[in-house]
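Below is one structure, written out as structure tokens, with a few remarks after it.
The values are calculated or read from the model by the stated rules, or taken from the named source; none is laboratory data. Quick caveat: nothing in here was measured; it's all calculated off a predicted structure. Cβ sites come from the backbone with ideal geometry, for glycine too, and all protein chains shown count toward neighbours.
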Amino acid sequence: MTRNVRLTVVLAAVALGVAWDSSALPIGQDEAFNNTDWTSVVTLGSPSSFVNGQVAAGGNPGAYRQTDVTAGSTINSTHISSAITWDPSTQGALTILHFSFDGNYLSASPAVPIDLEPILRQGGVIFAPNFDATPPPSLGGGWQNLQSSPLGQANFIDSSSFGGTGTLQPDFSATGGLIEFGYALGFGPGSFTTSAGIDNYLVAPEPTTIWLLASGLVGLAFWRPQRT
């Protein structure tokens, strides 16, 4: 698979409060989901089978990442990318984050609820939205684009589902540590065998001072990957 990415950078319109769009210049995105870039961990439950990996074809389009689970009770899992990161101390503070990804609830026997949400990790702690930030994909509905609500620092907590106490928040300021991005995937309750896929993962910020000072040009940053 090859990518031709056309990038046009014009920044000052961001300062004018133009609404974010999924075409905005991202922190990072993943369309290939190489296995070496992703780490998956079960954080709640004890599935009898939990398999994750890149599937070369059948995505939206091309390769995607698939999770297959067999379990007797609710499970939650975290999936973190080592290739999609942001360091506020060197790259600038963050204000609001926007996530977009394609989800596909491929199969379930029997049908059980699914939860697919953006997450981040900072200082070894997993932070998840403190509300349902993205709608779940529907079973058998094919690839569905899921876009999060705008998420600021105060919208993330160290969820108890991921081993946290629910009392901590990440640090988006210029003194904050490295942030790694990913998603959480959950199924249940009940006993089930399920499969779900994710493709075209993207996270983009609403910029703060470091971006606004980067250029005097007027406009927006757009990226348009063309996958073949």
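Checked against the criterion of being closer than 25 Å to residue 34 by Cβ, polar (S, T, N, Q) and over 17 Å from the mean Cα position of the chain (by Cα), the candidates 195, 173 yield just one match: 195. Among the residues of segment 158-197, those that are modelled with pLDDT of 95 or more and in contact with a Gly (Cβ under 6 Å, 6 or more places away or on another chain) comprise 177, 191. When residue 100 is tested against (1) among the polar types (S, T, N, Q); (2) closer than 27 Å to residue 152 by Cα; (3) in contact with a helix residue (DSSP H, G or I) (Cβ under 9 Å, 6 or more places away or on another chain), exactly one condition is not met: (3).
If the condition is being in a strand (DSSP E or B), modelled with pLDDT of 95 or more, more than 19 Å from residue 201 (Cβ to Cβ) and not small (Gly, Ala, Ser), then segment 38-50 contributes 42, 50. Among the residues of segment 88-95, is there at least one that is free of Cβ contacts under 8 Å to residues at least 60 places away in the same chain and not in a strand (DSSP E or B)? Yes, there is a match, as at least one residue in segment 88-95 is free of Cβ contacts under 8 Å to residues at least 60 places away in the same chain and not in a strand (DSSP E or B).
When you scan segment 215-225, do you find a residue that is modelled with pLDDT of 95 or more, touching a Pro at 6+ places or on another chain (Cβ under 9 Å) and among the hydrophobic types (A, V, I, L, M, F, W, C), even just one? Within segment 215-225, none of the residues are modelled with pLDDT of 95 or more, touching a Pro at 6+ places or on another chain (Cβ under 9 Å) and among the hydrophobic types (A, V, I, L, M, F, W, C). Summed over segment 129-139, the residues that are modelled with pLDDT of 95 or more, in a loop (DSSP other than H, G, I, E, B) and surrounded by fewer than 17 Cβ atoms within 10 Å (Cβ to Cβ) give a count of 1. Scanning segment 161-195 for residues that are among the charged types (D, E, K, R) and closer than 21 Å to residue 46 by Cβ yields a count of 0.
One residue stands out in segment 148-167 among those that are touching a strand residue (DSSP E or B) at 6+ places or on another chain (Cβ under 6 Å) and buried (at least 16 other Cβ atoms within 10 Å of the Cβ): the one that is farthest from residue 73 (Cα to Cα), namely 151.
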